[in-house]
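So the structure is just underneath, and the comments pick up after that.
The values are calculated or read from the model by the stated rules, or taken from the named source; none is laboratory data. Source: prediction; values computed, not measured. Note that we place each Cβ from the backbone using ideal geometry, even for glycine, and neighbour counts take in every protein chain shown. Protein only, heavy atoms only, side chains kept; ligands, DNA and RNA dropped before computing areas. Shrake-Rupley method; radii C 1.70, N 1.55, O 1.52, S 1.80 Å.
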Amino acid sequence: MSIARLASRAGAAEQTAARLVATARRAFAERGFAQVSLDALAAETGVTRGALHHHFTNKAGLFEAVLRAVDAEIGHELDRLYEAEQDRWAALRSCFHAYLDLALHPDRRRILFLDAPAVLGTRSIEILMASGFGPMVEDLAVLVAQGRIRAIHPEALAHVLNGAVMAQVMWLAGSGDDDANRLAAAHAALDAVFDGLTARG
């Protein structure tokens, strides 16, 4: 088989997988993991049930692919926000605040924080917390070296900040009628944490 034909087949496989993820994302967001049928997803995407299993093994595998796609989408939005801000500390603070709003958008909320822990267990939190972790540690190390923030071990601090924002979104995702009040409180708490880290003088 020629290289060109292999490349064509690989490209077609990637397109099929991308269509399945896009279709599944809509279904999981609208109906929830438990109410989504693989047969219906395969039919809607125009592939066989066998093709779906070939790409993702099972429904949990497809759900993980959707989770990673949604997480990457948020990451791209945060990257744009970060790059638009010239000050590194201000950029980092803005990204944490933005994460609360971006992750809790209705088409993401159920997938990331309601179904994911039930479907994937602690693995779902590990996936979300790993996103952008390395660059965040590097940023914090630079900020400590510059005297912009208190002299705290950058990796330890990154885990604290990541854990804090993840706990907040889990709290917010399960809230009801007082969403707006809770969200405002979460942003205020984040500001208090960041203000406490900022080096004085």
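Rounded if a/c is under 1.5, else prolate if a/b beats b/c, else oblate: with a ≥ b ≥ c from the C-alpha gyration tensor eigenvalues square-rooted, which is segment 82-142?
Oblate shape, in that a/c is at least 1.5 and b/c is the bigger or equal ratio.
So, taking all protein chains as they sit and a 1.4 Å probe, how much accessible area belongs to Y82, in Å² rounded to tens?
Taking all protein chains as shown, Y82 has close to 60 Å².
For the chain, what is the mean residue ellipticity at 222 nm derived from helices alone (per DSSP H run of n ≥ 4: -39500 (n - 2.57); sum divided by total residues; nearest 500 deg cm²/dmol)?
-25500 deg cm²/dmol
So what is the relative contact order for segment 17-153, in percent, with contacts set as C-alpha pairs under 8 Å and at least six apart?
Normalised by residue count, the contact order of segment 17-153 is 26 percent.
Place a +1 charge on the Cβ of each Lys and Arg in segment 2-155 and a -1 charge on the Cβ of each Asp and Glu, then give the dipole magnitude about the Cα centre in debye, rounded to the nearest 20.
Rounded to the nearest 20 debye, it is 420 debye.
Probe 1.4 Å, all protein chains in place: accessible area of D195 in Å², nearest 10?
70 Å²
For segment 64-201, give the percent of accessible area contributed by carbon and sulfur heavy atoms, probe 1.4 Å, rounded to a whole number.
Accessible surface attributable to carbon and sulfur in segment 64-201 totals 56 percent.
Roughly how many Å² is the accessible area per residue of the chain, as a whole number, for a 1.4 Å probe?
Per residue, the chain has an accessible area of 53 Å².
Can you give me the orientation-averaged projected area of the convex hull built on the Cα atoms of the chain, in nm²?
Average of the hull's projected areas for the chain equals 14.2 nm².
Would you calculate the separation in nanometres between label points at A184 and E83, each defined as 7 Å from the Cα along the Cα-to-beta-carbon direction?
3.5 nm
Can you tell me the FRET efficiency between A141 and A51 if r is taken as the Cβ-Cβ distance and R0 is 41 Å, rounded to the nearest 0.05?
The calculated FRET efficiency here is 0.35.
Taking 45 Å as R0, compute the FRET efficiency from the Cβ-Cβ separation of Q15 and F133 and round it to 0.05.
Computed FRET efficiency for Q15 and F133 comes out at 0.90.
Would you mind checking which residues have amide H under 5 Å from I149's amide H? H placed 1.01 Å from N; only 5 or more apart, or other chain.
Correct list: V144, A199.
Apply the Karplus curve 6.51 cos²θ - 1.76 cosθ + 1.60, θ = phi - 60°, to the phi angles in segment 94-107 and return the couplings in whole Hz, x for Gly and Pro.
Residue by residue, segment 94-107 yields 4, 5, 5, 5, 5, 4, 4, 6, 5, 6, 8, 4, x, 7 Hz.
Could you give the length gained on full extension between D195 and A60, defined as 0.36 nm per residue of separation minus the Cα-Cα distance, in nm?
44.6 nm is the gain from fully extending D195 to A60.
Please work out how much accessible surface I127 shows to a 1.4 Å probe, ignoring ligands, DNA and RNA, in Å² rounded to 10.
Roll a 1.4 Å probe over it and I127 shows about 20 Å².
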